[in-house]
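Novice: Dropping the structure in here first, questions after.
The values are calculated or read from the model by the stated rules, or taken from the named source; none is laboratory data. Since the structure is predicted, the reported quantities are computational estimates derived from the model, not experimental observations. Note that each Cβ is placed from the backbone with ideal geometry, even for glycine, and that neighbours are counted across all protein chains shown. Quick note on the areas: whole protein, heavy atoms, side chains included, nothing else; ligands and nucleic acids left out. Shrake-Rupley method; radii C 1.70, N 1.55, O 1.52, S 1.80 Å.
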Amino acid sequence: MVEMMMARLHEVMVILYAVSLVFYFIDYLNKDTIAHRSAFWILSIVYFLQTFFLVMYMFEKGRFPVLSLFEGIYFYAWLLITLSIILHLFYKVGHAVFFLNVIGFIFMTIHTFAPMQIEQSPIGEALISELLFIHITFAILSYAAFAMSFVFSVLYLLVYKILKKKKWSKQFNRLPSLQQTEVGMKASLYTGIPFLLVSLILGMQWAAVALEIWSFFDIKILGSFFLLAIYGSVLFLKRSGKLTGNDFAWANVFAFLFVIINFFLGSKLSDFHFWI
């Protein structure tokens, strides 16, 4: 019972850490005060839980937990969160905080779902199942966000066409403005990109733990990284001013076609993504 509760708390830490990353990503790109505060307070909860487990482990072992690779990974993840919180509070360098937490999240995931942890735990199979569940959930959430960007893109193109032709209708007043649709496109990308990144990190960790043989060059993995690169490029070009208006909307439309291809064709051609 205690073992199950501890495993669940570690899973909660991973999920909270992932949500914190999403908010930090939004703040990193958009200087959003609410996202900035939300990210910090969620990360503080993760830090409190990590510190609690670290202290408990020290009392249990009677020493500082750095004598094995497994222990060192946990301490390293804890140290990265400590540094990111210090930077957040005293130096206000959002770029460093965001990237430190990406690294910290990777190491926290490795520790929580490491093969050694799975083998030693009496609920090892449950941990693998939970990791797979979280991976799939974040992947689907990212696809949902990209679908929203597609919808807002289509609305943008529709409103732009109506305004250009100056042919009003009764339905026109029910349509959003160009500014609203553009904000919707950007907000969807701010959410979908970090969700997909988190999903990829968790998915590769699941493959390393659950599969005896797997390849990074699996069509589904490559397709997902390609998708991440496409949306990352679209957002980068938008923020650099090279994609504006119609071009930004069309870029989102074409990018979503790759989401559909990766979701269906990528899964069909994959060697181990049979569950999608």
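Novice: Look at region 212-235 and say how many of its residues are exposed (fewer than 13 other Cβ atoms within 10 Å of the Cβ) and not β-branched (V, I, T).
Specialist: Of all residues in region 212-235, those exposed (fewer than 13 other Cβ atoms within 10 Å of the Cβ) come to 212-213, 215-217, 229.
Then keep just the ones that are not β-branched (V, I, T); that gives 212, 215-217, 229.
Here the count works out to 5.
Novice: Further question on the same structure: Among the residues that make up region 91-113, is at least one of them at pLDDT 80 or above and open to solvent by 40 Å² or more (accessible area, probe 1.4 Å)?
Specialist: no
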